[in-house]
Each structure stands twice: as structure tokens, then as C-alpha cells.
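Written out below as C-alpha cells is the structure these notes cover.
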Amino acid sequence: MRKLPRSLRFYVAASTFYAATIFLAVQYIYAFQLADSGILVARRDSGDVLASIQVVSFIVWIGISLIAAAVMHRLANALAGAKSAEEQREQELGSIFGLSASLAGPLELDDIGKRFLEAVRYSVRSDVTVALIVHDDVLEAFRVVGADGPHASDFADQVYSAASLPAPIRTRVIDHRRSLVIPDTTASSEQWAKIAADLPRLAGARSFAALPLTSRDRLVGVLFLRGDQPGALVADRLQGAMTMGQYVAGSIHSALSVSEAEARADREAIVNRVSQRARASLDPDEILRGTVQELAGALGVSRAVVALGESEDDLRVAYQWTETDVPTVQSGTRQIPIARLAVRLGRTIVVSDTREDPRFADPDVRADLIRRDVRASVATPIRIGGYLAGALAFAQVGRPRDWTAEEVRLIESVARELRVAIEAARLYQARQRESERLLALHRASAVLAAQTQPRVIIDEILKNAVELLGSGSASLYRWDPEAGVLRRELNWRVRDEQVSVTLRPGESTAGVAFERMEPVVVNDYPAWEHATEVARAGGLRATIAVPLVRSGSPLGALVVRSYDPDARFTDEDGRLLTLFGDQVVAALTAADAFEQQRRAMEELERLNRAKSDFVSIVSHEFRTPLTGIQGFSEMMRDEPLTVDEMKEYAGDINKDAQRLNRMINEMLDLDKMESGRMRLHREPVELNHLIEEVADRVRPNSPLHPIALKLDPELGSVSADRDRITQVFTNLLSNAVKYSPTGGEIVVTSRLEGDVAHVLVRDRGMGIPGDALESIFERYGRIESRATRYIQGTGLGLPIVRQIMTMHGGQVWAESTVGEGSLFHVTLPLAEVLAVTPGGLGGQRPPNA
Amino acid sequence: MSKVVFCEDDLMIRKLIQTALRATTHQVRYAENGAAGLALIVADPPDVVFTDVSMPEMDGFQLADTLKGRADLAHIPIVFMTASVQRDQIEDCFRHGAAGHIGKPFTMAELRARLALFAKS
């Protein structure tokens, strides 16, 4: 549009020119018409009047023109003024429309801020700096979205929490949502001082305004304006900015809602995935692994850890994820102080910079954190039904980090989901374990029922225990009362170099369980006070032992071991193993009973066999004298005999009858002695003298066997039953004769050994096999062989000898080399002499006894 | 007249047999064990051998086995006189080539009848 010139000179000149032109035109037309009509006379006097009238009218005309020029000028001016105000309004409206048009459609908050600030800047003086701050729900604070103007850099990336804003702004702008305008900061110095104190970067402002941006009753942000000249910002001039603010507030609101919704959706997506995983899997490890990885990825942390446990000190790392090059933490939680703190306080702990945080001021903790360069961390406890289950912890290595409320909320939500997952999995596993346990016990019982071999039963029990507890090896230790040690008897997958063969009570888990008679669970074996070097060196990590108790007395212990560094046995495992222990005791008891029964049966069978052998031997032996008795008596009855013949045969019959009688007496004697019905008639017996008598009696019947006596003269009297001791040596000597059929010297030696009389009878006979040296002293124990079959006798000689010696408190035993001869030892205690008849025999006691 | 050898370690039984057979016309020789009996048999092979089983040095079974192992003596019938009278023990005797078995105690009539059975008249 062409602009109208508004100069007053222009209007004066124009109106003067106009007036002169009109005047001359009128004069010309007037004079011409006068002349034409003849009115015009050449009269001088009338001409003068006319000329003066014309001059006056000209002056009047000029005056009117000048007035008109002034009026025109005023009018033109007014018109121009009105036009420019309209234009400005149009311009502002254009900005507002442009802004609102540019805000149509979804926009990032930063874009909105940029366009808004551009528009606002256009509506204010150029020296004004504008800054937009919005309320960020995630930060729970106001953050600068953008700034424009000479001091824009003062606002860059600033965050103001509601509490840190100056009181005048807080109450007026934020709480009451009214604008605050300070046209001249020096004029309102008191108020300005408060603001400058909290916002020192604004201290240099000479003019300031803070305009609230509200949308649907929500304060979404504040527009700060800063002027370098007093009066740069006055309420009237801020109308446009305020109007634009109203437009932009809605957009900011939408943008904030969108970003919030996005963040919430992201969070919910992660939480949903966690809960889906938790529902899809019953393996807590798998759930933890997946969750921790996902969360670590979403948060972009250096390390993520799930620790499980029921108390601060019980926490152990169940799963951890780390970025490449970030070292893992140990399985304990000493290196995760924040997890411990979160567990102790029962709430989420957020640390932006561990070096600044007073909660980690402990020098050791701080030193460790610095060494590992952990700068920021966050941890939240995982609780199940009021009980602690563990903690979720994240760490940032190498740089401090402000954890946003959104991130913290995400971590807490995941912890809640995890809680459900852990609990569900725990319950499922507990159930699974329960049924596995029942199955294992059932299997063990089935074996127990089907097997009589304790070895097989216990092997099966050990195998089942190891499989069920998922550990390395198992052993059964049995108490050896004679040696006073626990002896390892049965094993499952035991490597000998890793495990002790014997343990003393109180040593290692088996020893402690045995001594205390209660289950022992050890999870850090190397550090345990009762650990053995062998097991420690063998790499034992965790172990359980339960005592094997029968009728209140311990039989031994059952041990299960694990060499897995992460192995961890619980008291529940201990109770489970106790059940296995009971099975073992039952198996051992059954096996013992079975073994006892088997032995009893064997003994009975042996006795039965011996008895029938005895009957056979006796009947065989009796038949020989009976043959004589029957034959001779038959002849006496049937044949004509002389008296001498009669007498001779009767004598033979008598001899055989005596022989028979002797045999019967021997049997009866032994029976009496064995049943304890025989009494000894003790008297002082000179042992050497008695031996000489017996030798003299045997010699005539054994011409092939010279009997040599080597008797110790120091050997005095013993208190003994003379007849019985005679029987002992008679039996020993006649055996020596009998069992050396080819002859050979027989040597009888007596000697005093302390307070014992020791007699030895040596022959050069056929000898006795080693395995028969003891059985020959048992009733019916004569070794039947072709070589001895012909030897007559009931086989009761040596059993009788042993019985007699036992009754005298003495001993008899034999040693022998087959083919070279035998040596029989007899010992009689001399002390017995004094004990039985102290008065009568005291003097006869050998001086060196 | 037949030739007979008796092997018996028990003195009383040897005497009994001697007494019982003193009236026969057979030539009877006695030994106190298998070894002595074998010597008598080899020196003059008899028509029949009566022997105890349980004897020192060489028992009746060993004697029987030795005789059966020698072609010139294998034909001589052997009769065991033994106190072992159980069935399996008697079977043992026949397994060693016995021609007969006399259980102790035996009657004189039985002894004479067995002798008559094997001795050539």
C-alpha cells in the first residue's frame, strides 16, 4: 500500500497552490464575463474597489486553504496512525496464527519451544531474552526447554525443582498461576533481591517477567523474560506473549502427555515382558537372567545384579549381567553395599554419585567402590508377602548418573514382577522337590524292601541322595568303637584323594554330626572351623552330614558333598538327608539282623553237621569194641571151649567193654564241662611231677616215640584238679603219639613265665593245617581226612583239654607246620594258686614270680 | 584149600577172626595194615582178601586201588570189613572194586559164610 506523505509543509504548499490556482481562475472568468457584458468599465475608481475586494478574498481563500491543509494533515496523520496499529495487531495475530498453525500436529517439546520462543521474541523488544521452562513429570522438576535472546546461554540446560524456585515465583506464578512482571528491578529491589538470590544468573536483569503457561487447569510451564533496560517489560506489552503462551500451553501439555505415555508404555512393555516371562517359565534362573538383561539394556547401566536372600547378611548374587570389560562382583554382596542398604532399610535407594554420597562414607566401602569405579547405583528390595526375598541392584561405572524417577519407577515395577515370579517358581520348585524327594525315598524304600544286601541298599540310598541334592559325592561313615574313629565304608562317586578315610568325632561334618547327633549344614567349607585339610584341599565347597542313630545311640554319619563353588545347602536339605539317614539306619538294622540270622543259621547248620558227624564217628568208633564183644561172646555161646579159653575170651570182652566205657565217659565229661556241671577238686599239684607220671604211663604204648622231658625246676605247684590236669597231658601226649604214626621224638617242656606256668608238647607228626588250628579244639572238630580217618577216638580229646584249661583259668593253643609236626601250648596261672588257697601255698610261690 | 589174607589194625578184632577161623582148612594170613597186607598178597597172591578200611599207613581203599591197578592181582576179590555201615560208605567200598561188604559188628556165622563164598573148596 502506498504511503501517504504526512508533512505539514506539503499540505500548506498544496493548499496554497490550490488556493492561488482557484483564485486566478475565478479572476480570469470574472473579468472576461464582465467585459463581455459591458459591465467592465474603464473606470479607474471602480477598478480599485474591485481589486481590493479581490485581494481580501484571496487572503481569505489562502487562509481557508491553510486551515484545510492543517486539517488534512491532522486527518492524514490520524488515518496513518490508525492504519499502523491495525497493521501491528494484524502482525501479532499473524504471529499467533502462524504459531498456532505451526503447532498443529504432533510435535516434540523442543520444536514447540523453539517456535514459541521465536514468536514471542518477535513481539517484544530485541534486547529481551526469553526462556521456556516446562514441568517434567519424570524429573519432577522444571527444566529449560529452550531460550532465545542475548542471555540465552544463561538458561541452557537448567533444571529447577519447584522448591528451588524463588518464593515470589513459586507462590504467584506456580501456585496461583498469575503472571509476575517487574518492569524495573531497581524499583522493586526488595522483591528482586529474593529472586536474584535463588536465581543468581538473572541478577543482572533490569526488567523481568514470569508468565505461567496453563492448559486444562494444569500448569505445564513458565515463560521467563529478561530485559536489559528498565521498562522493557510492562504488562501491556506482554499481551501478545501471554496470548501465545495460552496457545502453546495446550501443545506443551499434549507433548508432555505423549512423552509420559511413551515412557509409561516403555515401562509397561518391559514390565509386561518380565511378567510374561515369569508366567511362561518356572525356572527362576531363566526368569532372573532374562529380566536382568532386559532391564540392564533398557537402563543402559554397566552392571545389573539380582541378589537373593532372607536378610542383609544372607544376600547372595543369584544372577548378574555386566557390560563388556566391567568386572563381575563376587557371589557375596559385600561389593554391593547399596543392595545391602536397600534391604536393611526396606526401600529403594538411589545414589547419583557414590563419591559424594554420605551413606557410603565408610572408608573400606568407598575404597572398594572407587577401585571398581562404581559411580552411581540404584537398588530396590524384593519382598514377598512381607518377607525379604532379595534385591535388584544396578550400577553405573565410570560416571555419575542422575537416575530419573521414571527409571526408578521401572526398577521398582520390575522388582514387584520379579517377586511374583520368584515366589511362583519357588513354590513350584518346592513342590517339584517335594515330589522328587518322595520319589527318591520311595525308590530307596523299594530297594530296601527288595534287597537284603546292605551294600546294595546303601549304595542306592547314597546315589539317590546325591541325585536329589544335586551334589558331588556321598559317603557312609560307621563308628568303629575299638579304634574310636568313624570309618568311611560306602561311597558314591567319591574320589579318594578328596575325602578322609577315617574321622575322629568332631572332625569335619561327619564327625560333628556324629558327635552332636544332629544334622550339620556347611556352605563355606574352607572357612569352617572343623574342616579337614584333606577335604579343603579336595575343593569341597558345601556339605551336609546327618548322624545315623539307632535307639538313641549313633552308628555313624551320612555325608553329601558338593564341589560346585555356587553350591548351597539349606536346612531343608539337611532334613531331607535325615530321612535318607533313617533309611540307611533301617537298611543297616535289617542287614545286621539278616546277617545275625544268617550266622545263627550257619552256626546251627554247622552244629547240626558236626552232630551228625559225631554220631557217625561215635557209632563207627563204638562198632570196633562192639565187634569184639559180640564176636567173642558169640563163640563162648556157640562153641565148645575150654575153661581157659572161656576166661581168655571173657577177658577180651571185658577189655572192649572198658574201651567202650571210656569213650562214653569222655563224652559225658565234655558234656558236663560244657554245661558247667563239672566241679574242680583243686589241690596243690606239682606240675613237673604230674607230667613225669603221665609220660611214664604213655611210654609203654608208644615204643616208636621217645618222650623227652625238659622241665623247669623253678616251676612249683599250681592249684588244680589233679585228675583233670592229668587228663590234659594224657590227651596231649596220646594225640602226639597218635598223629605221628611214623614215630619221632616227643618233647615236653615246662617253664615259668612270670606268674604263668607254660607247658609245651611238641611232636614230629603230620601237623595240622593252619585253618584247623582253632577248630580242633571245638567239639566234633576233628579234621576228617584220609590221613586221620583210621585214628581211633571220639575226637573229644582236645575239646576236653580246652574245657579243663578254661575251667582252670588257663589257655591252650596250637601251632603247627603240616608235615613237620605240631606244638601245643598250655598255660596255667600261678596267681590262681594264691587266690584259691593263699594260706597253704604262699610259701611255694616261686621267688621270681 | 584156599589162601586168604586179612588186613585189620585192631588187635582185638584180628584175634577174634583168628579164633573164629582156627578150625578151617584155609591158609589164612593176617596183616595189621594195608601196607603189610599188600606185601603178603604180592608174596603169595591169595584167593580172597578181607580188609578193614581205616588203617594206618595204607588204608583199605588204597590197598584195593593198588591191587586193581596190577594185572596180576586185579582178579583177587576184596571184601571190606568196616564199621562204616551207612549207605554211601558201603557204596564207597563197591566203587573201590569190592566183591563184598561186611559191617562191624559181624557175627561169626556171617564171617564164615562170606569166606566160604569166595574160598575154593
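Being among the hydroxyl-bearing types (Ser, Thr, Tyr), more than 10 Å from every other protein chain (Cβ to nearest Cβ) and under 30 Å from A:Ala650 (Cα atoms), is that true of even one residue in the stretch B:1-8? Checking the stretch B:1-8: not a single residue is among the hydroxyl-bearing types (Ser, Thr, Tyr), more than 10 Å from every other protein chain (Cβ to nearest Cβ) and under 30 Å from A:Ala650 (Cα atoms). Of all residues in the stretch A:144-163, none are among the aromatic types (Phe, Trp, Tyr), touching a helix residue (DSSP H, G or I) at 6+ places or on another chain (Cβ under 6 Å) and modelled with pLDDT of 80 or more. When the strands (runs of 3 or more DSSP E) confined to the stretch A:448-539 are screened for residues that are more than 17 Å from A:Val560 (Cα to Cα), those reaching at least 2 such residues are found at A:473-480.
Within the stretch A:702-754, no residue satisfies the criterion of being more than 20 Å from A:Ser822 (Cα to Cα) and within 14 Å of another protein chain (Cβ to nearest Cβ).
A single member of A:Leu607, A:Leu540, A:Leu555, A:Leu548 is farther than 30 Å from B:Glu8 by Cβ, among the hydrophobic types (A, V, I, L, M, F, W, C) and more than 45 Å from the chain's Cα centre (by Cα), and it is A:Leu607. So which residues in the stretch B:54-98 are open to solvent by 30 Å² or more (accessible area, probe 1.4 Å), aliphatic (A, V, I, L, M) and more than 14 Å from chain A (Cβ to nearest Cβ), if there are any at all? Matches in the stretch B:54-98: B:Ala71, B:Ala74.
Of the candidates A:Met673, A:Met766, A:Met667, the single residue that is within 15 Å of A:Val812 (Cβ to Cβ), open to solvent by less than 70 Å² (accessible area, probe 1.4 Å) and among the hydrophobic types (A, V, I, L, M, F, W, C) is A:Met673.
If only residues of the stretch A:579-629 that are crowded, with 16+ Cβ neighbours inside 10 Å and aromatic (Phe, Trp, Tyr) are counted, the one that is nearest to the other protein chains (Cβ to nearest Cβ) is A:Phe622. Scanning the stretch A:180-219 for residues that are part of a loop (DSSP other than H, G, I, E, B), surrounded by fewer than 18 Cβ atoms within 10 Å (Cβ to Cβ) and of a type in the set (Ser, Thr, Tyr) returns A:Thr186, A:Ser188. With the requirement that a residue be touching a Lys or Arg at 6+ places or on another chain (Cβ under 8 Å) and either surrounded by fewer than 18 Cβ atoms within 10 Å (Cβ to Cβ) or not basic (Lys, Arg) (or both), what does the stretch A:249-269 give you? Of everything in the stretch A:249-269, those that are touching a Lys or Arg at 6+ places or on another chain (Cβ under 8 Å) and either surrounded by fewer than 18 Cβ atoms within 10 Å (Cβ to Cβ) or not basic (Lys, Arg) (or both) turn out to be A:Gly250, A:His253.
For the stretch A:358-384, a residue qualifies if it is in contact with a strand residue (DSSP E or B) (Cβ under 8 Å, 6 or more places away or on another chain), more than 20 Å from A:Leu315 (Cα to Cα) and not charged (D, E, K, R), and exactly one does: A:Ala376. If only residues of the stretch A:630-654 that are of a type outside the set (Asp, Glu) and at the interface with chain B (Cβ under 7 Å from one of its Cβ atoms) are counted, the one that is most open to solvent (accessible area, probe 1.4 Å) is A:Gln630. Of all residues in the stretch B:19-33, which are within 12 Å of another protein chain (Cβ to nearest Cβ) and over 13 Å from the mean Cα position of the chain (by Cα)? Hits for the stretch B:19-33 are B:Thr19, B:Ala20, B:Leu21, B:Arg22, B:Ala23.
Kindly provide the set of residues from the stretch B:22-32 that are open to solvent by 10 Å² or more (accessible area, probe 1.4 Å) and either closer than 17 Å to A:Thr624 by Cβ or of a type outside the set (Val, Ile, Thr) (or both), ordered by number. Hits for the stretch B:22-32 are B:Arg22, B:Ala23, B:His26, B:Gln27, B:Arg29, B:Tyr30, B:Glu32. Taking the criterion of being open to solvent by 30 Å² or more (accessible area, probe 1.4 Å) and either at pLDDT below 75 or acidic (Asp, Glu) (or both), the residues of the stretch A:407-423 that qualify are A:Glu407, A:Glu412, A:Glu417, A:Val420, A:Glu423.
Can you work out which of the residues in the stretch A:291-314 that are of a type in the set (Gly, Ala, Ser) and assigned to a strand (DSSP E or B) is surrounded by the fewest Cβ atoms within 10 Å (Cβ to Cβ)? Of everything passing the filter in the stretch A:291-314, A:Ala304 is surrounded by the fewest Cβ atoms within 10 Å (Cβ to Cβ).
Could you say whether any residue in the stretch A:695-715 is in a strand (DSSP E or B) and touching a His at 6+ places or on another chain (Cβ under 9 Å)? Taking every residue of the stretch A:695-715 in turn, none turns out to be in a strand (DSSP E or B) and touching a His at 6+ places or on another chain (Cβ under 9 Å). Taken across the stretch A:126-140, residues that are in a loop (DSSP other than H, G, I, E, B), surrounded by fewer than 16 Cβ atoms within 10 Å (Cβ to Cβ), of a type in the set (Gly, Ala, Ser) and free of Cβ contacts under 8 Å to residues at least 12 places away in the same chain do occur, with at least one present.
The residues in the stretch B:56-86 that are without any contact (Cβ under 8 Å) to a residue 40 or more places away in the chain and not in a loop (DSSP other than H, G, I, E, B) can be counted, and the count is 11.
Quick check on the stretch B:34-44. Is at least one of its residues in contact with a Cys (Cβ under 7 Å, 6 or more places away or on another chain), crowded, with 16+ Cβ neighbours inside 10 Å and either among the β-branched types (Val, Ile, Thr) or facing chain A (nearest Cβ under 10 Å) (or both)? Yes, there is a match, as at least one residue in the stretch B:34-44 is in contact with a Cys (Cβ under 7 Å, 6 or more places away or on another chain), crowded, with 16+ Cβ neighbours inside 10 Å and either among the β-branched types (Val, Ile, Thr) or facing chain A (nearest Cβ under 10 Å) (or both). Criterion first (over 30 Å from B:Met12 (Cβ atoms) and in contact with a Leu (Cβ under 8 Å, 6 or more places away or on another chain)) does A:Tyr649 satisfy it? Considered against the rule, which asks whether it is over 30 Å from B:Met12 (Cβ atoms) and in contact with a Leu (Cβ under 8 Å, 6 or more places away or on another chain), A:Tyr649 comes out as no. A:Ala567 falls short on exactly one of the conditions (1) modelled with pLDDT of 85 or more; (2) surrounded by fewer than 24 Cβ atoms within 10 Å (Cβ to Cβ), and that condition is (1). Residues of the stretch A:315-341 that are in a loop (DSSP other than H, G, I, E, B), touching a strand residue (DSSP E or B) at 6+ places or on another chain (Cβ under 6 Å) and surrounded by fewer than 21 Cβ atoms within 10 Å (Cβ to Cβ): A:Val326, A:Thr328, A:Ser331.
In this structure, is A:Val144 part of a helix (DSSP H, G or I) and under 57 Å from the mean Cα position of the chain (by Cα)? Considered against the rule, which asks whether it is part of a helix (DSSP H, G or I) and under 57 Å from the mean Cα position of the chain (by Cα), A:Val144 comes out as no.
Does A:Arg541 fit the bill of being at pLDDT below 90 and open to solvent by 10 Å² or more (accessible area, probe 1.4 Å)? Considered against the rule, which asks whether it is at pLDDT below 90 and open to solvent by 10 Å² or more (accessible area, probe 1.4 Å), A:Arg541 comes out as yes. Residues being over 15 Å from A:Asp524 (Cβ atoms), touching a residue at least 40 places away in the same chain (Cβ under 8 Å) and in contact with a Leu (Cβ under 6 Å, 6 or more places away or on another chain): count how many of those fall in the stretch A:309-333. Counting residues in the stretch A:309-333 that are over 15 Å from A:Asp524 (Cβ atoms), touching a residue at least 40 places away in the same chain (Cβ under 8 Å) and in contact with a Leu (Cβ under 6 Å, 6 or more places away or on another chain) gives 2. I'm checking my understanding of the structure. Among residues of the stretch A:342-371 that are out of contact with any Phe, Trp or Tyr (no Cβ under 7 Å at 6 or more places or on another chain) and among the basic types (Lys, Arg), which one is most open to solvent (accessible area, probe 1.4 Å)? The selected residue is A:Arg371.
The values are calculated or read from the model by the stated rules, or taken from the named source; none is laboratory data. Note that the structure is a prediction, hence the values are computed from the model and not measured. Backbone-built Cβ (ideal geometry, glycine too); neighbour counts: all protein chains shown. Side chains are part of the model used for accessible areas, which takes the heavy atoms of the whole protein and leaves out ligands, DNA and RNA. Shrake-Rupley method; radii C 1.70, N 1.55, O 1.52, S 1.80 Å.
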